[in-house]
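So the structure is just underneath, and the comments pick up after that.
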Amino acid sequence: MIKVQHVSYQYGEQKVLHDLSFTVRSGEFFGILGPNGSGKTTLLKLLSRELPLQEGTILLEGKQIERYTPKQFARLVAVLPQHADVSFGYAVQEMVELGRYAHQSSLFPRWTKEDEQAVEQALRSVSLYEKKNEPLEHLSGGERQRASLARALAQEPRVLLLDEPTNHMDLAQQLKLLDLLKKRVREKQLTVVAIFHDLNLAALYCDRILLLREGKVASIGNPHDLLEEETLQEVFQTPLKRQEHPLVPKALVTLMPTQEEMKNEKEKWAVSASDEMIVIQTVQPFKALSSALVGAGFRWATTFVNRYVPLDYHCDEAEKEMREYLQRHQFDEQWTIGMMTAVQLEDAAYVSLADESFRLLTVVTAGVGNAVDSANAWRRDDVLFAPGTINIVVLLDAHLSEAAYVQAMMTATEAKVKALYDEAVFDPKTNTMATGTSTDSLVIAASQQNEYCEYAGTITPLGKMIGRAVYEATREALKRYRKRKERS
């Protein structure tokens with residue numbers, strides 16, 4: 001659809017684009033990204049013919065863009081600039097109707113049914129049909145941007161050029177607009193070329209991305225492959241972290257604060273315990289990966305609650321009830337990880353370890369009334385909910401990679417299994433060695449400061465510390481649990 005060949009451009013003595021060459025395919029959502037001053041807007045102005053070419057060639061459907069008449073070009077290409085020129089005094093619909101100029105074939109415009117349908121469809125697509133008779137000056141900034149987009153869509157172009165299309169829009173409007181554009185790309189083979197500042201929006205919606213740095217092509221390709229930390233840091237000269245989107249195979253990019261901006265208190269956590277709950281509070285948020293009842297998965301947390309419930313506790317909506325419990329006790333649910341146990345909290349075991357690199361706190365409550373051998377659970381025809389849970393919390397003053405979080409959970413689980421083996425805990429149904437209980441919870445939480453740990457497997461320095469702490473705490477908790485059971 002579009003072919004850019006050896007294009008350069010300069011303002012006076014300042015060269016802003018250097019020998020750019022790339023193609024945009026028909027029916028493609030193509031994103032242009034780069035820091036301020038990298039030449040993004042200048043490139044878009046050359047594509048839209050707002051600026052004349054100085055060096056190189058731009059082909060549109062195989063023809064040099066300067067050889068199209070203005071009306072021919074307008075039938076093929078529509079433009080939505082970053083700051084849309086809104087003509088006050090116009091009603092919304094009147095402005096959108098201007099997009100049909102390219103389709104008028106005579107000196108005196110003749111309005112047709114096709115024109116009317118195109119305008120109505122464009123207004124509805126940007127959710128402004130109900131405001132079609134309102135003056136433009138009565139609209140918000142985001143609504144004016146959508147009205148300008150409607151004018152471009154009413155033009156029914158083959159190519160749509162957009163400079164920060166979500167400018168002035170709230171999150172809901174951004175997603176709705178980009179969903180609309182993506183649908184047009186997919187269903188009508190519209191070719192979209194858009195400048196983005198938001199890396200994550202570009203990653204979600206673009207088929208390919210062009211990264212510009214200082215007017216040169218830094219990289220071009222699929223967003224998932226292109227948005228790598230090393231490439232992005234080189235282009236934007238900013239510490240960035242790439243992660244995976246939780247729902248779709250797309251990249252997520254986050255800014256990283258400098259170490260000077262991150263607190264480094266000596267005491268990272270404090271523990272309080274009663275008959276009702278064990279509470280660990282951290283001085284600053286810890287990034288946690290957990291299987292807890294409240295706060296499962298990855299989240300940042302400052303409070304870790306292990307709540308005692310009686311043996312006869314039963315609730316069809318345990319998570320909802322736990323959230324209400326946390327709220328009653330003035331815990332901020334958004335920053336809290338919550339677990340339940342039927343084990344008396346006086347049986348809890350605490351292990352603290354430290355060396356020159358890491359500090360660690362492990363808290364374990366262990367009851368094994370519903371002990372299960374995971375390797376033989378398939379032989380059981382019951383669903384056992386007898387009281388008994390092993391809850392493990394591991395807090396680390398360290399900086400973990402995502403791989404290290406998963407490996408830390410594996411290491412902690414292996415240590416727990418070994419503790420059960422050495423304490424001769426059996427699955428009562430299969431009479432084989434138990435590996436846990438049916439309702440175990442595990443939390444790995446790290447300050448994300450100090451020593452960086454790419455790995456936390458069993459033989460790594462951090463893994464050794466986790467394995468030892470979990471093993472010792474689990475055995476001690478089991479011994480306390482059994483002694484109390486024997487006394488009762």
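Read-outs throughout are calculated quantities, based only on the coordinates presented, and are distinct from any laboratory measurement. As the structure is a prediction and not an experimental result, all values here were calculated from the model. Reconstructed Cβ throughout: ideal geometry from the backbone, glycine too, with neighbour counts over all protein chains shown.
Some values worked out for this structure:
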item	result
Summed residue charge, Cβ within 14 Å of Glu214's Cβ, Lys/Arg positive, Asp/Glu negative	+2
Computed label-point distance, nm, for sites Glu451 and Gln330 using a 7 Å Cα→Cβ extension	3.7 nm
For segment 269-487, size of Cβ-based charge dipole, Lys and Arg +1, Asp and Glu -1, in debye	440 debye
Of the DSSP H helices in the chain, those whose Cα atoms cover at least 24 Å axially and whose Kyte score averages 1.6 or more	none
Arg124-Glu321 FRET efficiency (beta carbon distance; Förster radius 41 Å; 0.05 resolution)	0.35
Selected from Thr458, Ala270, Leu478, residue furthest toward positive end of dipole (segment 269-487; charges at beta carbon)	Leu478
Distant-in-sequence amide H partners of Gly436 (H built 1.01 Å from N, under 5 Å)	Val372, Ser374
Beta bridges per DSSP with both ends in segment 269-487, % antiparallel, nearest 5	70 percent
Scattering profile of the chain at q = 0.10 Å⁻¹ [log10 I(q)/I(0), Debye over alpha-carbon scatterers]	-0.85
Neighbourhood charge, 12 Å Cβ-Cβ cut-off, centred on Leu60 and excluding it, Lys, Arg +1 and Asp, Glu -1	+4
Positive minus negative residues near Glu346 (Lys, Arg vs Asp, Glu; Cβ under 15 Å)	+3
Simple label model, 7 Å out from Cα along Cβ direction - Ser8 to Met256, nm	3.6 nm
Loop chymotrypsin sites (Phe, Trp or Tyr not before Pro), segment 257-357 (other Cβ atoms within 10 Å of the site Cβ: 13 or fewer; DSSP)	Tyr313
Under 28 Å from Lys132, Cα to Cα: lysines that are on another chain or at least 8 residues apart	Lys71, Lys113, Lys176, Lys182, Lys183, Lys188
18 Å Cα-Cα reach of Lys287 towards aspartates and glutamates, excluding residues that sit fewer than 8 places from it in its own chain	Glu244, Glu261, Glu265, Glu267, Asp332, Glu333, Asp397, Glu402, Glu451, Glu454
Label point distance in nm, Glu187-Lys483, each placed 7 Å from Cα along Cα→Cβ	7.0 nm
Estimated [θ] at 222 nm from DSSP helical runs (n ≥ 4, -39500 (n - 2.57)) normalised by residues in the chain, nearest 500	-9000 deg cm²/dmol
Total charge dipole magnitude, the chain, about the Cα centre, Cβ charges on Lys, Arg, Asp, Glu only, Debye to nearest 20	1000 debye
Aspartates and glutamates whose Cα lies under 15 Å from that of Lys429, excluding same-chain neighbours fewer than 8 positions away	Asp373, Asp381, Asp382
Furthest towards positive pole of dipole, His224, Leu53, Val126, structure part the chain, Cβ charges	Leu53
Selection from Ile65, Val24, Thr389, by position along the positive dipole direction of the chain (Cβ)	Ile65
For segment 392-409 and segment 265-288, distance of Cα centres in Å	16 Å
Student exercise, segment 187-310 dipole from Lys, Arg, Asp, Glu Cβ charges, in Debye to nearest 20	140 debye
Which listed pairs, of Lys15/Lys241; Lys3/Lys40; Lys418/Lys479; Lys416/Lys464, have C-alpha distances above 20 Å, in listed order	Lys15/Lys241
Sites Lys71 and Lys241 - FRET efficiency at Förster radius 51 Å, r taken between beta-carbons, to 0.05	0.60
